[in-house]
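Written below as structure tokens is the structure these notes are about.
Throughout, read-outs are computed from the coordinates displayed, never taken from laboratory work. Note that the structure is a prediction, hence the values are computed from the model and not measured. All Cβ positions, glycine included, derive from the backbone under ideal geometry; neighbour counts span all protein chains shown.
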Amino acid sequence: MSENNALEILLKSGKRPLFMAHMIAGYPSTAESEKVAAALVQGGADIIELQIPFSDPMADGPTIAVASEDALKAGATVADSLEILKKVVGLGKPVAVMSYTNPVFRFGIAKFVEAIKAAGATAIIVPDCPFDTEEGKALLAAGKENDICIIPVVSPGVPEERLQELAKDACGFVYCTSRQGITGATSKFSNDLADFASTAKRIFNLPLAVGFGVKSKADVQSLSKIADIIIAGSVFVNAIKRGENVEQLARDLTS
């Protein structure tokens, strides 16, 4: 990666744990998305994970799935998401784009990675795109061409042999789900999470991000013992839906 990559600079800063806040482009509206991002940054987020809304978000629980559907019903498009991305990048924090394979493939894999690079993103997370598929290989190639980290997503229970294969092409950080399943469903983390996290750190030799089910300060404190980056998303979507103060919630989680 380039020495000017904002994410790489942050990861090398030594601050731990970092906090990555997940938001959905176009939710609660295209106009409001920049305000949501600003609130997350002001509340202490070190990295913003900006999700491209998609109609079949297989790794997401009902909270994010419904919010994504609401964004689509309101007319949010990939083009809109890229414009939102530019504004979020302007807030001064590294931004990792999260998308499912379908929107990226339909846009054109190389074209999509070029577009998010031009908009200022530093990484992309595509949880349903294995590195060893045709699409995955194309994504990795585009990432290397454009200095964009393609973030691997792993879960407790993935065999070491598979982790070693993924590690060959990994950069930036590793996204580890706190358990198998979908986002936001529960705060109960996998019993073998700590052991798996230790194994993943050893094999990848990269900072480890942990998410899924992070809803409270207690969750953050628990995960800070094993994670370099802690990720929360559904908790913010729920707060937006209830009209609560997102900035204060982020501050409560990160302070």
Note the listed values (i) 1.00; (ii) 0.91; (iii) 1.11, then indicate which one is Cα Rg over 2.2 N^0.38 Å calculated from this particular structure. (ii)
Defining a contact as two alpha carbons under 8 Å apart and six or more residues distant in sequence, what relative contact order in percent does the chain show? 22
Students often forget the sequence filter, so: which lysines lie under 17 Å Cα-Cα from Lys215 once same-chain residues fewer than 8 apart are removed? Lys188, Lys225, Lys241
For Arg16 and Lys86, what is the calculated FRET efficiency with R₀ set at 22 Å and r taken between the beta-carbons, to the nearest 0.05? 0.15
Given the Cα-Cα distance of Asn238 and Val66 and 0.36 nm per residue of separation, how much length would full extension add, in nm? 60.9 nm
Among Thr177, Thr199, Thr133, determine the one that fluctuates most according to a GNM of the chain built with springs between C-alpha atoms less than 10 Å apart. Thr133
Label-point gap, in nm, between Ser29 and Asp147 - each point 7 angstrom along Cα→Cβ: 3.7
Among the trypsin sites (Lys or Arg not before Pro) in region 9-47, which ones are in a DSSP loop with at most 12 other Cβ atoms within 10 Å of the Cβ? Mind listing them? Lys12, Lys15
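Relative to the present Cα-Cα distance, how much length would full extension add between Lys168 and Ala79 at 0.36 nm per residue of separation?
Additional length available on full extension: 28.8 nm.
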